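Read through the structure below, which is laid out as structure tokens, and then see the notes.
The values are calculated or read from the model by the stated rules, or taken from the named source; none is laboratory data. None of the values given here were measured: they were computed from a predicted structure. Reconstructed Cβ throughout: ideal geometry from the backbone, glycine too, with neighbour counts over all protein chains shown. Accessible surface areas use protein heavy atoms only, side chains included; no ligands, DNA or RNA. Shrake-Rupley method; radii C 1.70, N 1.55, O 1.52, S 1.80 Å.
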Amino acid sequence: MKSASIATLRTAVIGLALLCLAACAGGQGGGAKPASPDEIVIGVAGPMSAELAAFGEQLRKGAEAAVADVNAKGGVLGKKLRLVVGDDQCDPRKAVKVASDLVQQGAVFVDGHFCSGSSIPASSVYAEEGILQITPSSTNPALTEGAASKGITTVLRTSGRDDMQGVFAGNWLAKTYAGRNLAILDDRSAYGAGVAQVTAKTVQSAGLTPALRDTYQQGTKDFSDLIGKLKSAKIDVVYIGGYHNDFALIVRQARAQGLKADFVGADALNTAEFWSISGPAGEGVRFSDAASPINLPSAREVVAKFRSDGYEPEGYTLSAYAAVQVFAAAAAGTGSTDGRKMASWLRANHVSTVVGDLSWDSKGDLTKMNYAWFIWQNGRYSMEP
């Protein structure tokens, strides 16, 4: 009897906490109307404000466009989709609050989060409620590896993993810069450190030992000390695992201080905001990313719509669009919005999306991912042949 009372009290406390989170999550959808019988609520979550808001916009634009197109074709299971937006600012603590808020609003699927450091803690909230989570951008292996180790099946991606991207980058660096001085830096984030660690390991295995391995703090404004280290080590090429805003400042300050090394990064440089910060110093910067789907036949109509509205679907826009398509296909395939049923169906089927045909392994990772190099030139980036 005592244990039953404690359990009852615990349930009540958790319920009150969740209600408080929903009511107090200002700017994150708190107080929004609950789902009506003739609609299905889904969410999109990411940094809708703060320094990484450019990426939040990509996720939101992609999800909004997909919802509009799905609804124009009759919706899902005979119901229209209603999209709610969560702003986590890529802060793990805010991400948990956003996830709880989306649960309270009745979301049955979440397109997000953007940062791995947000997706990982938020995934536990969604898993507890059996809600399908598909991230278009969180690439740290720990997201799906950790979920699988706990028996969680409701986490999937429409993006690749850092270990895949790090191997791609590391092998290229070792071959291209054989016998030269390489520095590998990261911003200590789940994303930045993850991709840098795999890149460093791959480079070393391929026969090139980095001359410098260092980290920096996100949001730093003066990188003079770090640049001094690069100059002292006579670095020829700098690989950075980190987000576009810090990367752009590093390269801009490095050029101003006379460092002529090449700069190479990962997929977080796929936003026009990189050049708005770096200016001409960003000329020639390379980054790896999934091969662009922009010119795929499957993307042609969607891309044309975006452009006619004056928006260039860069970065993760189409991956976010694809995540909604994947959810819609899984709901139709199972006749349900039960997250566990949809996740099981997705592991046994492939889905045709704007970014191509997708399929998943037992952990929720894509079974196939093609990477390419992109280069910044004249204020724009394009995929190298």
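Miscellaneous remarks
- Translational diffusion of segment 202-299, µm² s⁻¹ [Kirkwood Rh, Cα pairs; Stokes-Einstein; 4 °C; 1.567 mPa s]: 89
- Cα-centred dipole magnitude for the chain, charges only on beta-carbon of K, R (+1) and D, E (-1), debye, nearest 20: 440
- A simple spin-label model places pseudo-atoms 7 Å from Cα toward Cβ; at A72 and L296 they are separated by 2.0 nm.
- Charge-dipole axis of segment 275-370 as Lys and Arg at +1 and Asp and Glu at -1 on Cβ define it, positive-most pick from L318, S276, H350: H350
- Three semi-axes describe the equivalent ellipsoid of segment 319-384; taken as square roots of 5 times the Cα gyration tensor eigenvalues and ordered largest first, they are 31, 13, 8 Å.
- Probe 1.4 Å, accessible area per residue of the chain, Å²: 42
- Ordering S308, S118 by accessible surface, largest first, gives S308, S118; the 1.4 Å probe counts only protein heavy atoms, with every chain in place.
- Taking a point 7 Å out from the Cα of D236 in the direction of its Cβ, the residues of segment 211-230 whose backbone N falls within less than 14 Å of it are 211-212.
- Inter-label distance, nm, simple model (7 Å from Cα along the C-beta direction), E384/A348: 4.4
- Candidate lysines for bridging to K231, where Cα separation is under 25 Å - those fewer than 8 sequence places away on the same chain excluded: K175, K201, K221, K260
- Fraction of antiparallel bridges per DSSP, the chain only, in percent to nearest 5: 30
- At R0 = 25 Å, FRET efficiency that the Cβ-Cβ distance of Q204 and D91 yields, to 0.05: 0.15
- Cα-based convex hull, segment 242-352, per residue volume (Å³, whole number): 137
- Mean Cβ neighbour count within 10 Å, used as a protection proxy, ranking 213-226, 344-357, 72-85 highest first: 344-357, 72-85, 213-226
- Bridgeable aspartates and glutamates around K234 (alpha carbons under 15 Å apart, same-chain partners fewer than 8 residues away excluded): D214, D225, D262.
- DSSP H segments from the chain that extend 27 Å or more along their own axis, Cα-based, with Kyte-Doolittle mean of 0.5 or above: 2-24
- Using a probe radius of 1.4 angstrom, the carbon and sulfur fraction of the accessible surface of the chain is 53%.
- Across segment 115-274, the fraction of Cα-Cα pairs farther apart than 25 Å, rounded to a whole number, is 35%.
- Taking amide hydrogens as placed 1.01 Å from N in the peptide plane, the amide H of G364 sits under 5 Å from that of no residue at least 5 positions away in sequence or on another chain.
- Charged side chains reduced to their Cβ positions (Lys and Arg at +1, Asp and Glu at -1) give segment 166-297 a dipole of some 440 debye around its Cα centre.
- Potential lengthening of the chain between I375 and S149 amounts to 77.6 nm, from the contour at 0.36 nm per residue minus the alpha-carbon distance.
- Scanning residues 5 or more positions from N140 or on other chains, those with amide H under 5 Å from its amide H are S116, D162, with H placed 1.01 Å from N in the peptide plane.
- Positive dipole terminus of segment 53-212, leading residue within A193, A72, V96 (C-beta point charges): A72
- Answer label for Rg and Dmax of the Cα atoms in Å (calculated), chosen among [x] 18.2, 51; [y] 19.9, 57; [z] 21.4, 74: [z]
- Rounded to 0.05, the FRET efficiency of the D361 and A304 pair, given R0 = 35 Å and the Cβ-Cβ distance, is 0.60.
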